[in-house]
Amino acid sequence: MRTMRIAFREKPYDLLAVVVLGLALIPFVAIEATGPVRIVLGLFFVLFLPGYALIATLFPGSKDIDWIERVALSLGLSIAVVPLLGLVLNYTPWGIRLESIITTVLMFTVGMCAVAYYRRMRLPVEERLSFAVNIQPIAWKEYAPLDKALTIVLVASVILTAGVFAYVMIVPHEGEKFTEFYILDKNGTAADYPTRLNVSEQGTVIVGVNNHESSTMNYTVRIVLVTVQFVYNVSTGRNDTIEIANLTLDSRSAFVGDGLDWKWFFNFTVSQLGDYKLRFLLYTNDQQSTPYRSLHLWIKVT
């Protein structure tokens, strides 16, 4: 029976494999592919490759640490390095996005591999990191009946586990269905809402809807300006809000695909002094009787 041998010492094939596996993820990110292949590559790319490249740089020789320590430290350092790279990205113009994270981690990994290659090749051949494993064909005929049965059970268990894992990864599972309904100030933040205006001064808010309903939704947003009056209640010792009148300022509808945003800048003015509640009502799929979501903004006009 022929024996297959996988080994390296003179040439750093492990560093070449790290670079190739890192580059293999790029097409899946570029075309926004989904599925188990991208998930496996992504986890391996984030949780192992950066740490392995760094460990290969720090310990280029075979006598520095054994392979068990090397693998364990690769996982630990990957978990430590990637968040630090993300923290650095947060203070750059690129920010923390998928593309910037992938590019930064890949550059770090390739850079560490280059340094590791330089350090390892400076060592004598007998001191370089090495790996060797012999793969022998199974001598099935020499197995006892009990060993054969146990082997079949073990192989079947591995295949079943792999099948279950593949099913979980490939078959989509519906998560919680919900819709994000929000308003922001004109700068896209939640810090400077137009809550105090002069008569006829323009106020601006951003109205946004984010669909997580697992299907395309027909949304309608109705914006109502409610005139209110605050009346002191002696029995409760606090002001009660009385709605005096209301006026619909705008109403818009749109079909929004699952996972997509719908937003617009809404400009408004109020021509009279007083206290107002700007009410935002969200309806879905032509159900106009009861709002699906509602928000409001208190406004004082002086």
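Taking Cα pairs under 8 Å and at least six residues apart, what relative contact order does the range 178-301 come out at, in percent?
Relative contact order of the range 178-301: 32 percent.
Within the range 261-302, name every residue whose backbone N is under 16 Å away from a label modeled 7 Å from Cα of V199 along the Cβ vector.
Label zone hits: 269-276, 300-302.
Give, in nm to one decimal, the length gained when the segment between T216 and I152 is fully stretched (0.36 nm per residue of separation minus the Cα-Cα distance).
The span from T216 to I152 would gain 18.3 nm if fully extended.
Tell me what the chain gives for mean residue ellipticity at 222 nm when only DSSP H runs of n ≥ 4 count, each as -39,500 (n - 2.57), the sum divided by the residue total, rounded to 500 deg cm²/dmol.
-13000 deg cm²/dmol
Quick one: compute the contact order of the chain, relative version, from alpha carbon pairs under 8 angstrom and 6+ residues apart, as a percent.
16 percent
Could you point to the label whose value was computed as volume of the Cα convex hull per residue in Å³ for the structure here, given (i) 151; (ii) 206; (iii) 257?
(iii)
Under 15 Å from the Cβ of L77, count the other residues' Cβ atoms, weight Lys and Arg +1, Asp and Glu -1, and hand me the total.
Cβ neighbours under 15 Å give a net charge of -1.
Sort out for me the Cα centre separation of the range 212-280 from the range 69-105, rounded to whole Å.
When both Cα centres are located, 42 Å separates them.
So how do 218-225, 65-72 stack up, highest first, on mean other-Cβ count within 10 Å?
In decreasing order of mean packing, 218-225, 65-72 become 218-225, 65-72.
What's the local net charge at Y276, with K and R +1, D and E -1, over the other residues with C-beta under 12 Å away?
Neighbour charge sum, excluding Y276 itself: +2.
Could you check the spin-label model distance between D192 and N90? Points 7 Å from the Cα along Cα→Cβ, value in nm.
2.3 nm
Excluding F266 itself, what net charge comes from residues whose Cβ is under 12 Å from its Cβ, given Lys and Arg +1 and Asp and Glu -1?
Cβ neighbours under 12 Å give a net charge of +2.
Report, in order of residue number, the helices in the chain meeting two criteria: a C-alpha extent of 20 Å or more along the helix axis, and a mean Kyte-Doolittle hydropathy of at least -0.5; treat each whole DSSP H run as one helix.
13-30, 67-90, 98-121, 145-170
Where a number appears in this text, it was derived from the coordinates with a stated rule and is not lab data. From a predicted model like this one, the values you see are computed outputs, not experimental measurements. Methodologically, a virtual Cβ is constructed for each residue, glycine included, from the backbone with ideal geometry; neighbour enumeration extends over all protein chains shown.
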